[in-house]
Amino acid sequence: MAEPLEEIPLFPLQAVLFPLAPLDLHIFEPRYLQMISRCREEGSDFGIVLIRRGAEVGEPAEPHLVGTRAGLESVRQDSPGRLNIRVRGGRRFRIRRLLDDGPLLRGLVEPLDDIPGEDDLRLAALASRAREVGESYISQLFAGLELNITQVRLHHDPIVLSFLLAALTPAEDLVRQRMLETTDTADRLVELTRRLEEAAPKSQTERLRAEEALARQIKN
């Protein structure tokens, strides 16, 4: 039986948030300051959606219809009217109806989960390969961070693994959005494995950029 639709505030961004992944945001627009204040008071979350058309500032942008719920982890006010917040991705959702009758974009949403596959052996094999490639990729990046880490171990659950790797894999926003929207864990793992195999830093500049991205993940 389908879960009922729920109304949540939406935050359109030029970024894709994956489940379990952290994201730091600087908040200064009054509508989003009010949204964060309400979420803190109510202990509620909000939705982050990639912008399809429009901009982050100004009139509400048109978002893609699949996004991720964002739970507040920390809120810091550095100056009046400005907040630095850290959120973590929760469950994905699909927007069934947009409500734009006010300054803050809202949506009636339903949960979006991966559909269980029928070939558990194939999924296990794909997850094993993706884990191997992901651990190798991360180990290469650790080597340049001068951290005392001798071994990398990633999660064994295929769905959790796929989202952890998706957050670390270099890709354009539309590619990341496609990975967020897919409900086939196997397809996501295949795509991630291919991209991670191709993403091994081939130059010092690429390595430094990848190391910086990984360092942010570790810090969070």
Single residue of Gly67, Gly89 found to be small (Gly, Ala, Ser), touching a Gly at 6+ places or on another chain (Cβ under 6 Å) and within 28 Å of Asp157 (Cβ to Cβ): Gly67
Check on Gly43, within 21 Å of the chain's Cα centre (by Cα) and either farther than 23 Å from Leu168 by Cα or modelled with pLDDT under 90 (or both): yes
Breaking point among (1) in a loop (DSSP other than H, G, I, E, B); (2) in contact with a Pro (Cβ under 8 Å, 6 or more places away or on another chain); (3) over 22 Å from Asp173 (Cβ atoms), for Pro4: (2)
Would you say Leu208 is loosely packed, with under 14 Cβ neighbours inside 10 Å, assigned to a helix (DSSP H, G or I) and at pLDDT 95 or above? no
Restricting to strands (runs of 3 or more DSSP E) lying wholly in segment 32-135: which have 3 or more residues that are farther than 17 Å from Leu13 by Cβ and of a type outside the set (A, V, I, L, M, F, W, C)? 66-79, 82-99
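The values are calculated or read from the model by the stated rules, or taken from the named source; none is laboratory data. Since this is a predicted model, take the numbers as computed values, not measurements. We place every Cβ from the backbone using ideal geometry, glycine too, and count neighbours over all the protein chains shown.
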